[in-house]
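To keep things clear, I will list the structure first and then write my remarks on it.
The values are calculated or read from the model by the stated rules, or taken from the named source; none is laboratory data. Only a predicted model underlies this, so the values are computations on that prediction, with no experimental measurement involved. Cβ coordinates were reconstructed from backbone atoms using ideal geometry, including for glycine residues, and neighbour counts include every protein chain displayed. Side chains are part of the model used for accessible areas, which takes the heavy atoms of the whole protein and leaves out ligands, DNA and RNA. Shrake-Rupley method; radii C 1.70, N 1.55, O 1.52, S 1.80 Å.
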Amino acid sequence: MIAYLIMSFLYFIVAIVIALAASFASWQILPWFNGMVWLRVHFITLGIFTQLVFGAMPILSAKYYGLPRPKMRWDIWLSLNAGIALLLFGIPLVNSVPIIAGGTLVFVATTLLLIQISDIRSQSERALAITNGRKFYIAGLSYFLVGILVGTGLFTNWSGPLGIMGDAGEVHIHANNWGFMSLVFIGFFVDLYPKWARRELSNPKAITPIFWMMTAGALALILSPWFANTTLAAVGAVLHTSANIWLLVIAIKPLRGDKPAWTAGMAQMLVSYLWLFAPLSMAPFVIFGIESLLPAKLLEATTPQALIYGWLLQFGFAIVPYFFQRFFVNEESAELGGTWLSFWLVNVGAILLWASILIQPVRGLLHGGAYLLWAIAFIPVAMDLWRKISTGMAKAEAAMDHSGSLQ
Ligand code: HEM
């Protein structure tokens, strides 16, 4: 797990720099820097998050079944990181050789992980029972395979041969966000909410219907742009949003009236879902063909960034420090991370980005302002992560010193 966390921290730091550069580019301070969107988005999605979830999912699943902690799978870590490295120069250069090689390696890493997690279970468990995060991880990774395939094909003209009739970029975004990340996050809620909130989710019986609504909703939201079918978009949006709202209800209910339970971490994790719902709230405009009321093209080009920074990154500000504390220091003391400063900066930033879509005269100013606030929001969390890393490293060195293996 430590190898994944180190990579996640590296991308955490790089993501700060690219957010700052994006802000200066919008303010024409760095006019020559086009602030490539792909890097901004994928340092967070592939860099910070994919590392974290690839490391955590097998460990959490084995722990649930009382099985020994799985050995580190260096084949998965290596193919994932070699794949990402190839994509990091292949996509900006729009060169199909490193893009296809990189996408294929990430696909292989995901398939190996899917097989590993599918094998982690108790013989006695009923096939359709959903009692922990494992099935959410399996469904999420399956959608990620679709996201990788379509994403790798975006700049190498695979959309035609794949039979995609609508917007392939949307298929990619839906597979990775409504599918992969949404399902994995609920898996984390099921496995870790008792540790985060020190109490149980309010209605465990809701987990199974939430799983099926989320999985079917994500499928409809992927097939909708695939077959250019808006009815599927409506069905998917309703199922997906209802499943997430149901999850928030069973997570918020046990916290009601308990002010100390509303830590910055808990607030960031739950409030982040507003920015998941925001793009979905645009669906009716598209479904009923009234998007001419809105700057549709600009919405399409900009809302993915608000989704990734407002929802994914903010959720990350809470759970990334939790995993760093759990694996670098110790599990018992691990708590959700994040600060109230990051909470306000990341949410005001998301409001500014949405405002930049709607208020044309000051669009550049607002867009640059959003990225500056996001860049600053990273810093208190990055400092906390560094403290946890150095505590963990000092502990490891002391242990090796003690065992004399450093002599
Ligand atoms: C092997 C993995 C991946 C590959 C090859 C890939 C490739 C791509 C490509 C080529 C684009 C289009 C960029 C453009 O039009 O400029 C894109 C956009 C995007 N991808 Fe990925 N991606 C991958 C993983 C992910 C993951 C894991 C997520 C999220 C969880 C994600 C979320 C997005 C989003 C939100 C956009 C839209 C960015 C924007 O236009 O603002 N991708 N990706």
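Before moving on, here are some points about what is shown:
- Share of carbon and sulfur in the accessible area of segment 271-396 stands at 74%, probe radius 1.4 Å.
- Mean Kyte hydropathy of -0.5 or more with a Cα span along the axis of at least 24 Å, helices from DSSP in the chain: 2-26, 96-119, 134-154, 207-226, 230-252, 340-358, 363-403
- LYS195, LYS395, reordered so the largest accessible area comes first (probe 1.4 Å): LYS395, LYS195
- Taking all protein chains together and rolling a 1.4 Å probe, ILE351 ends up with roughly 100 Å² accessible.
- Mean projected area of the convex hull spanned by the Cα atoms of segment 271-396, taken over all viewing directions: 8.7 nm².
- Ranked by solvent-accessible area (1.4 Å probe, protein heavy atoms only, all chains present), the residues TRP158, TRP178, TRP340, TRP77 order from largest to smallest as TRP340, TRP158, TRP77, TRP178.
- In this structure, LYS63 and LEU30 have a Cβ-Cβ separation that, at R0 = 35 Å, corresponds to a calculated FRET efficiency of about 0.15.
- Rounded FRET efficiency, nearest 0.05, which uses the C-beta distance separating ALA399 from ILE252 and R0 of 41 Å: 0.50
- Inter-label distance, nm, simple model (7 Å from Cα along the C-beta direction), SER390/TRP262: 3.4
- Three-way shape label, segment 71-176, alpha-carbon gyration tensor, a/c 1.5: oblate
- Over the Cα atoms of segment 148-257, the radius of gyration divided by the Kirkwood radius equals 1.09; this is the Rg/Rh ratio.
- Over the Cα atoms of the chain, the radius of gyration divided by the Kirkwood radius equals 0.95; this is the Rg/Rh ratio.
- Computed FRET value (nearest 0.05) for ARG199 with GLU332, which takes r as the C-beta separation and R₀ as 22 Å: 0.85
- When each of LYS63/LYS253; LYS259/LYS395; LYS135/LYS297; LYS195/LYS395 is checked by Cα-Cα distance, pairs over 32 Å: LYS259/LYS395; LYS135/LYS297
- Note on exposure: VAL190, VAL37 ranked by accessible area (1.4 Å probe, complete protein assembly) read VAL37, VAL190, with the most exposed listed first.
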